[in-house]
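Right, one structure below, let's go through it.
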Amino acid sequence: MLNEFWATASTTYKTLVFSAMGLIAVGIILTIVGNTSHNQGLALASLAVIGLGLVLHVVGMVVRGQQIRKGLKQQIRKGLKK
């Protein structure tokens, strides 16, 4: 099951995960640039970018959880019909 986790994931989930990772990475880079250049506005704006990345990550977990739940229900139904 664990080996197939990424292979069985939907395109929506994969898109959310990569978008979240990208936003978090950009936010970290902006934080470093803002703090090294003493640009407080950029450093604060980077927190919003990181926050959006974290929100997308949580949305991705919810989407994947719903997909897993739906798959388990289908397996249970198939098992009961036998």
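The values are calculated or read from the model by the stated rules, or taken from the named source; none is laboratory data. Treat the numbers as computed from the prediction; the structure is a model and nothing was measured. Just the protein is used for accessible areas: all its heavy atoms, side chains included, with ligands, DNA and RNA removed. Shrake-Rupley method; radii C 1.70, N 1.55, O 1.52, S 1.80 Å.
Overview of values
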{"item": "Relative contact order, percent, the chain [alpha-carbon distance under 8 Å, six or more residues apart]", "result": "33"}
{"item": "Area accessible to solvent at T8, 1.4 Å probe radius, in Å²", "result": "80"}
{"item": "Portion, in percent, of the accessible area of the chain that falls on carbon or sulfur, probe 1.4 Å", "result": "68"}
{"item": "Per-residue SASA entry for F18, accessible area with 1.4 Å probe, Å² rounded to 10", "result": "120"}
{"item": "Spatially close lysines, pair count over the chain: Cα under 20 Å, gap of eight or more or interchain", "result": "6"}
{"item": "0 to 90° range, to nearest 10: angle between helix 11-36 axis and the chain longest Cα axis", "result": "20"}
{"item": "Kirkwood Rh in Å, taken over all unlike Cα pairs in the chain", "result": "14.8"}
{"item": "Solvent-accessible heavy-atom area per residue, rounded to whole Å², over the chain at 1.4 Å", "result": "76"}
{"item": "Over the chain: helical MRE at 222 nm, DSSP H runs n ≥ 4 each giving -39500 (n - 2.57), nearest 500", "result": "-30500 deg cm²/dmol"}
{"item": "Nearest-10 value in Å² for the accessible area of I29, using the 1.4 Å probe", "result": "100"}
